[in-house]
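The values are calculated or read from the model by the stated rules, or taken from the named source; none is laboratory data. For clarity, every value in this text was computed on a predicted model and none was experimentally measured. Heads up, the Cβs are rebuilt from the backbone with ideal geometry, glycines too, and the neighbour counts pull from every protein chain shown.
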Amino acid sequence: DGTPIDNTVEDSWHRIAGALASVEASPEAWEPKFFDALSDFKFLPAGRITAGAGTERSVTLFNCFVMGTIPDSMGGIFEMLKEAALTMQQGGGIGYDFTTIRPKGAKVKGVAADASGPLSFMDVWDAMCRTIMSAGSRRGAMMATMRCDHPDILDFITAKRDPARLRMFNVSVLVTDAFMDAVKSNDSWCLVFEGEVFKTMKAVDLWDQIMSSTFEFAEPGVIFIDRINKANNLSYCETIAATNPCGEQPLPPYGACLLGSVNMARLVSKPFAKGAKLDEAAMADLVATAVRMMDNVVDASRFPLEAQRLEAKAKRRIGLGVTGLADALLMVGLRYGSEEAAVQTETWMHQIARAAYLASVDLAKEKGAFPLFDAGGYLASGAMQDMDADVRDLIAEHGIRNALLTSIAPTGTISLYAGNVSSGIEPVFAYAYTRKVLQKDGSRTEEEVIDYAVQMWRDKMGDAELPNYFVNAQTLAPLEHVRMQAAAQKWVDSSISKTINCPEDISFEAFKDVYMAAWDQGCKGCTTYRPNAVTGSVLSVSSESENTPEIDMGADVVYINEPLSRPEALEGQTYKVKWPDSAHAIYITVNDLLLNGHRRPFEV
């Protein structure tokens, strides 16, 4: 009803700790430990956990889901649309692979009609997402993927060049090893569906189309899907074809995205002093507690669909990551993007992975391994080949509670919540900037935001000039971003959400080199952002000061407790969807309401 549950942040920590401890055999023993992990923002559960745990609201504690495989039939497609709507209604973002839908113009024997193709159905999903967003308290988020050998891949690549189309989707191309080999060797590439070749073209021409759209329009992203499946700890029992909307969680059908982050900026002892270092023992203890808390989410959470519950409990995958990495590097005197910083990042991520896997083995001893655990298949996976021998031996002997354990999310909101630490493994965007905050009455206030590490430096050093190792996203070379992502990826069994900032004046050839470097250095995906007249800039440094970029950020959601009255007339759009199995087209209309000067989806 809008009544606040928490009056202080400590209230929030108590609420979350109590909810996650409630599934333990001895809740009273674990609640104080969970509270301690949360206190001082040392461990940051993802937004759905923070917002929903202990509230008794009918919401999921999982941020996102990859939905079921879309059948190539009209009934199956719209059943998937229904499942997507039910999932988003409970606050979950969704990812879908549209590769399974037959291409536009495909014939079906005995039916005098052509298929409308996957893009037409993506338009329907997009309309659904806008409608669900208007009914809830969280903006809808979706990811669409398509394999690089689907006959409609060129339309998929260019779809978002239309500024009014697919606004609720992030889109990414599933790039295979064979395709990258063909690009490098300048070979031909076939676009196929169910064994039928629809078109043959040069692989490099398709690659250039992907790069051109990304260069000019910031999409699609690139996902190296074969690399993901080969490395997957569960390659013996699942195949991945999609990710969550931000890309850090490649998931199988009905897979759930369970996220939390260790705040590395809170773990540095003697920051900015001689002998500054990360407290490795404290980090290992924090990781162990975080793993237990996240494992408990699997049992404490509701699920929009039964298939999602069964999938989560069969594998118990979690995604423990980090935030504040760039701030921690600054505190120990390292320049983000340098070789030294990359080596240190890899070392820290190895320590986190080791601690997480050991904690999960301990949980397996206490509570049992995840139900689909198979020692031979698990230890044969690509990601496990680099794991420490003693950890592998313990897994072979005792099993492991969680199939996958590490993932690095963007952490934008929770990083701001924790004192504006640098988000995820991203560099500091800017040392200080102004956020324009939209209030409920329509007015705007301006709030100055200073990076956590910079504020700490000022508190200790006063007005002393910042050392030259203080770099930010404006001054880093794109290949330095790639270096940091690759360094972290080696010890992340899932994936990483990271944006590689490129200058507006980067050449197209240099831009393509960024993606090839990501491939060559072992990344599982690559996403870039180049501000230009088409895309604009999500965050930008103002002309008045290099240190005060301005962004717009909405404040609290204005909840609507009673249905809005329907005017006599509404404006909207009608989508025509054809399917070979049906003699008739389906027309789907979405009508909008003009509210406070903005159009909002009102009815379907």
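I'd like the full set of residues that are of a type outside the set (S, T, N, Q) and touching an Asp or Glu at 6+ places or on another chain (Cβ under 9 Å), limited to the range 66-93. The answer is V66, M67, G68, I70, P71, D72, M74, G75.
Residues in the range 174-188 that are part of a helix (DSSP H, G or I) and of a type in the set (D, E) were compared, and the one that is surrounded by the fewest Cβ atoms within 10 Å (Cβ to Cβ) is D181.
Looking only at the range 116-127, decide whether some residue is more than 24 Å from K82 (Cβ to Cβ), outside any loop (DSSP other than H, G, I, E, B), hydroxyl-bearing (S, T, Y) and at pLDDT 90 or above. Scanning the range 116-127, I find no residue that is more than 24 Å from K82 (Cβ to Cβ), outside any loop (DSSP other than H, G, I, E, B), hydroxyl-bearing (S, T, Y) and at pLDDT 90 or above, so the answer is no. Restricting to the range 13-54, name every residue that is of a type in the set (G, A, S), under 18 Å from V421 (Cβ atoms) and surrounded by fewer than 19 Cβ atoms within 10 Å (Cβ to Cβ). Answer for the range 13-54, where residues must be of a type in the set (G, A, S), under 18 Å from V421 (Cβ atoms) and surrounded by fewer than 19 Cβ atoms within 10 Å (Cβ to Cβ): just S39. Entry remark, the range 18-41: residues being within 29 Å of the chain's Cα centre (by Cα) and hydroxyl-bearing (S, T, Y) number 2 in total. Within the range 420-474, if we keep just the residues that are surrounded by 13 or more Cβ atoms within 10 Å (Cβ to Cβ) and of a type in the set (S, T, Y), the residue that is farthest from the chain's Cα centre (by Cα) turns out to be Y469. Among the residues making up the range 55-67, those that are surrounded by fewer than 20 Cβ atoms within 10 Å (Cβ to Cβ) and not basic (K, R) are T55, E56, S58. Residues in the range 258-309 that are assigned to a strand (DSSP E or B) and at pLDDT 95 or above: L259, G260, S261, V262, N263, V268, S269, K277, L278.
Scanning the range 128-145 for residues that are touching a Pro at 6+ places or on another chain (Cβ under 7 Å) and at pLDDT 90 or above yields M142, M143.
The range 1-98 holds helices (runs of 4 or more DSSP H) entirely within its bounds, and those carrying 3 or more residues that are acidic (D, E) map to 27-38. Within the group C237, C246, which residue is touching a strand residue (DSSP E or B) at 6+ places or on another chain (Cβ under 9 Å) and not in a strand (DSSP E or B)? Being touching a strand residue (DSSP E or B) at 6+ places or on another chain (Cβ under 9 Å) and not in a strand (DSSP E or B) holds for just one of C237, C246, which is C246. Residue count for the range 217-246, restricted to those that are out of contact with any Pro (no Cβ under 9 Å at 6 or more places or on another chain) and within 21 Å of W491 (Cα to Cα): 9. For the range 147-180, give me the residue count where each residue is of a type in the set (K, R) and over 21 Å from the mean Cα position of the chain (by Cα). Going through the range 147-180 one residue at a time, the tally reaches 2.
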